[in-house]
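One structure is given below, encoded as structure tokens.
The values are calculated or read from the model by the stated rules, or taken from the named source; none is laboratory data. None of the values given here were measured: they were computed from a predicted structure. Note: ideal-geometry Cβ built from the backbone for every residue, glycine included; neighbour counts use all protein chains shown. Surface areas here come from the heavy atoms of the whole protein model, side chains and all, with no ligands, DNA or RNA. Shrake-Rupley method; radii C 1.70, N 1.55, O 1.52, S 1.80 Å.
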Amino acid sequence: MTDDKTPAGPLRGIKVLDASTILAGPLTAQILGDFGEVIKIEHPAKPDGMRGHGLDKNGVPLWWKMVGRNKQTVTLNLSTPDGQEIFRDLATDADVVVENFRPGTFERWGLSYAELTERNPALIMLRVTGFGQQGPYATRPAFGTLVESMSGFAHLTGHPDGPPTLPAFGLADSIVGIAGSSAVSMALFERERNGGTGQEIDLDLLTPIMTAVGPGVIYADQLGIDQQRTGNRSQNNAPRNLYRTKDDHWVAVSTSAQTIAERVLRLVGHPEVIDEHWFATGRTRAEHADLLDEYVGGWIADRTRDEVVEAFEDAGAAVAPVYRPSDLLTDPQVVATDMVTTVDDDELGPVRMQNVMWRMGRSPGAIRHAGRPAGADTDRVLSHLGCTPEHIDELRARGVI
């Protein structure tokens with residue numbers, strides 16, 4: 001982390017307007033903000049709902065500290081003519097706009113991509129919606145829970161004799177946030193290579209998680225089958241499961257590589273199965289998961305978690321403990337590589353949060369500050385647009401900011 005308030009990463013000089021709410025759009029902007037400049041636009045009376053998600057400390061929202069980091073916060077009522085004009089002014093020298101209102105909302109406000117690019121042809125506009133800008137579902141309200149259900153994720157998650165299961169966190173939105181930052185980066189690269197003209201990006205919540213779920217669609221198309229729930233097992237390899245240790249911890253074992261599977265079975269004292277014809281591929285090993293789980297699970301149950309992890313590491317086999325979030329704060333690898341870093345915050349003091357998502361050797365990103373209160377930078381940003389203090393006070397009195 002650096003104390004320098006000017007972005008020094010590969011997106012230095014790139015300005016992003018984050019006009020989105022809840023998780024997918026704000027996370028896109030958070031990732032971009034780790035490497036560049038982001039101005040967060042929020043309604044004066046109804047700021048981003050992310051501020052009300054999750055737990056708080058003394059009234060300070062904790063999740064917001066992470067997803068709002070590196071963002072200058074500006075309050076602006078986009079449903080008013082003055083608010084719309086200020087947004088157009090901000091977009092005139094911006095590089096990216098991120099918005100996630102229902103299709104047609106920005107058009108109704110006079111902030112369509114076509115109108116914004118009359119002043120700024122280089123602008124890139126990322127539009128995040130539940131189902132996309134077109135199609136019969138375009139105007140439906142959608143949240144991550146709905147697309148986690150539609151994508152096949154819930155259908156595949158859970159035990160075979162149990163119900164479909166939803167994730168306990170914002171999985172779909174988080175995947176879209178990462179995908180959105182990738183899409184914007186591609187558009188910036190394309191703009192630089194091909195004449196400096198921006199483009200509009202239509203990103204829905206469903207496609208990224210549907211892609212992450214895997215080959216289910218092509219299986220249904222080509223084989224006419226739907227994958228079924230397998231609990232913690234896999235249809236692609238075995239042994240693969242969560243196993244309880246002697247001291248009542250859990251560890252995860254995966255054998256996606258053939259050599260790892262062989263090492264695991266030698267370690268647990270059953271090298272004889274390696275010569276079985278069915279042991280030659282992950283798929284056929286999965287057909288004998290009961291036997292392999294008996295061998296691996298029985299061996300692990302007689303040992304403590306530390307003993308299991310040490311033995312697996314010595315054997316070159318793949319294992320990991322099932323962590324609680326608090327365990328990440330002391331894990332040697334997490335600490336050594338600063339995956340969780342400390343940020344000094346004006347409201348909370350030192351705060352630990354997940355660090356920049358990837359470590360670039362020549363142009364690394366940085367967390368310059370944690371998420372700020374709504375509107376903390378409004379006066380400064382508007383003064384750069386030429387607004388006088390008197391004008392700013394008048395806009396605030398009318399509820400525009």
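Here are a few things to note about the model shown:
- Residue satisfying all of: in the stretch 73-89; part of a helix (DSSP H, G or I) and open to solvent by less than 20 Å² (accessible area, probe 1.4 Å); farthest from GLY49 (Cα to Cα) among these: ILE86
- For the stretch 137-157, filtered to residues that are within 22 Å of the chain's Cα centre (by Cα) and surrounded by fewer than 16 Cβ atoms within 10 Å (Cβ to Cβ), the residue that is farthest from ALA220 (Cα to Cα) is PRO141.
- Taking the stretch 220-319 as the region of interest, the helices (runs of 4 or more DSSP H) fully inside it that hold 1 or more residues being among the hydroxyl-bearing types (Ser, Thr, Tyr) are 258-267, 282-286, 289-301.
Each row is one residue, and each column tells you yes or no for (1) at pLDDT below 95; (2) more than 17 Å from LEU17 (Cβ to Cβ).
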{"residue": "LEU123", "(1), (2)": "no, no"}
{"residue": "ARG127", "(1), (2)": "no, no"}
{"residue": "GLY144", "(1), (2)": "yes, yes"}
{"residue": "SER149", "(1), (2)": "no, yes"}
{"residue": "ASP173", "(1), (2)": "no, yes"}
{"residue": "SER181", "(1), (2)": "no, no"}
{"residue": "GLY198", "(1), (2)": "no, no"}
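- Residue in the stretch 131-143 that is without any contact (Cβ under 8 Å) to a residue 24 or more places away in the chain and basic (Lys, Arg) present: yes
- Failed condition for ALA114, given (1) farther than 30 Å from ALA366 by Cβ; (2) among the small types (Gly, Ala, Ser); (3) in contact (Cβ under 8 Å) with a residue 12 or more places away in the chain: (3)
- Residues in the stretch 2-17 that are at pLDDT 95 or above, open to solvent by less than 10 Å² (accessible area, probe 1.4 Å) and touching a Gly at 6+ places or on another chain (Cβ under 7 Å): VAL16 only.
- Residues (touching a Pro at 6+ places or on another chain (Cβ under 9 Å), open to solvent by 50 Å² or more (accessible area, probe 1.4 Å) and in contact (Cβ under 8 Å) with a residue 60 or more places away in the chain) located in the stretch 374-389: none
- The stretch 49-62 residues that are more than 12 Å from LEU23 (Cβ to Cβ), paired with ones that are assigned to a helix (DSSP H, G or I) and aliphatic (A, V, I, L, M) (beta carbon under 7 Å, 6 or more apart): LEU55/LEU62; ASP56/LEU62
- In the condition set (1) in contact with a helix residue (DSSP H, G or I) (Cβ under 8 Å, 6 or more places away or on another chain); (2) over 20 Å from LEU27 (Cα atoms); (3) β-branched (Val, Ile, Thr); (4) touching a residue at least 12 places away in the same chain (Cβ under 8 Å), ILE225 is compliant with all but (4).
- Residue ID - most open to solvent (accessible area, probe 1.4 Å), chosen from residues in the stretch 350-368 that are within 16 Å of LYS71 (Cα to Cα) and part of a loop (DSSP other than H, G, I, E, B): ASN355
- Subset of the stretch 244-270 that is in contact (Cβ under 8 Å) with a residue 60 or more places away in the chain and open to solvent by less than 20 Å² (accessible area, probe 1.4 Å) - its residue that is farthest from ALA311 (Cα to Cα): THR255
- Yes/no for SER181 being open to solvent by less than 30 Å² (accessible area, probe 1.4 Å) and among the hydroxyl-bearing types (Ser, Thr, Tyr): yes
- Meets criteria (aliphatic (A, V, I, L, M), part of a loop (DSSP other than H, G, I, E, B), closer than 27 Å to LYS46 by Cα and touching a residue at least 12 places away in the same chain (Cβ under 8 Å)) for ILE392: no
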